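Heads up, the thing below is written out as structure tokens.
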Amino acid sequence: MIRVLLVDDHPVVREGLRGMLEAEDDLTVVGEAGSGTEAVALVGIRRPEVVLMDLRMPGMDGVDATRQLRRDAPEAKVVVLTTYETDADILRAVEAGASGYLLKDASRAELAGAIRAAARGETVLAPSVAGRLVNQVRTPAQPQLSAREIEVLHLVARGHTNADIGQALHISEATVKTHLLRVFSKLDVSDRTAAVTTAMRRGLLT
């Protein structure tokens, strides 16, 4: 039997999940928690193999609870079950150490299969979630310019010299050059004109 702990702040959701899972011959629900804090405490007592974790809960949320469980009880696999599938939510959960990420519209068969897979040490992702993660990996991160670098570049775009920029921002000309060199490096360009046009094309300058 695979021991499962249900974590969700809505009792009716936990009741529905319990009914679904206990209809499976090889799954048993060993406990329920209504918050991340309660889940962390119960894992040490009930020793589940898989924790079915909601994301949005009062107090300690599902991501923080997952992160703590990976430290304190690494043998317990966490499968996130949520209605949220934003890129930020998915990445936070995966980075925290979740073994799976499913949406609450999953069927009983999908849910049971995901729990079995997680218990075997496999990673399980809803198709839409997997697609989002692939896109995140394929899309290179855009360079982030600091507020000061953007200020310098704005003045460059207006035709100001390094000396003018230094006077306007109350910094030395050498510091202006340093900021520009960093901008060139981040944008992968070699001159001021290219820096301005590249920054505008990427939406870093208006």
Is it true that some residue in segment 181-189 is more than 17 Å from residue 144 (Cα to Cα) and open to solvent by less than 70 Å² (accessible area, probe 1.4 Å)? no
Among the numbered criteria (1) within 13 Å of residue 148 (Cα to Cα); (2) open to solvent by less than 60 Å² (accessible area, probe 1.4 Å), which single criterion is violated by residue 195? (1)
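Any idea which residue in segment 105-136 is most open to solvent (accessible area, probe 1.4 Å), counting only those that are β-branched (Val, Ile, Thr) and part of a helix (DSSP H, G or I)?
The qualifying residue most open to solvent (accessible area, probe 1.4 Å) is 134.
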Could you tell me which numbered condition residue 64 fails, if it satisfies all but one of (1) within 14 Å of residue 35 (Cα to Cα); (2) open to solvent by less than 50 Å² (accessible area, probe 1.4 Å); (3) free of Cβ contacts under 8 Å to residues at least 40 places away in the same chain; (4) part of a helix (DSSP H, G or I)? (2)
Of the residues 170, 160, 154, only one is more than 30 Å from residue 54 (Cα to Cα), touching a residue at least 12 places away in the same chain (Cβ under 8 Å) and of a type outside the set (A, V, I, L, M, F, W, C); which? 154
Any residue at all in segment 87-103 that is over 23 Å from the mean Cα position of the chain (by Cα) and either among the hydrophobic types (A, V, I, L, M, F, W, C) or over 22 Å from residue 131 (Cα atoms) (or both)? no
Those residues that are touching a strand residue (DSSP E or B) at 6+ places or on another chain (Cβ under 9 Å), surrounded by fewer than 22 Cβ atoms within 10 Å (Cβ to Cβ) and in a helix (DSSP H, G or I), I need them from segment 86-104; list them, please. 89, 94, 96
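The values are calculated or read from the model by the stated rules, or taken from the named source; none is laboratory data. What you see is a predicted model; the values in this text were computed from it and never measured. Cβ sites come from the backbone with ideal geometry, for glycine too, and all protein chains shown count toward neighbours. The protein model used for the area step is the full one, side chains on, heavy atoms only, and it has no ligands, DNA or RNA in it. Shrake-Rupley method; radii C 1.70, N 1.55, O 1.52, S 1.80 Å.
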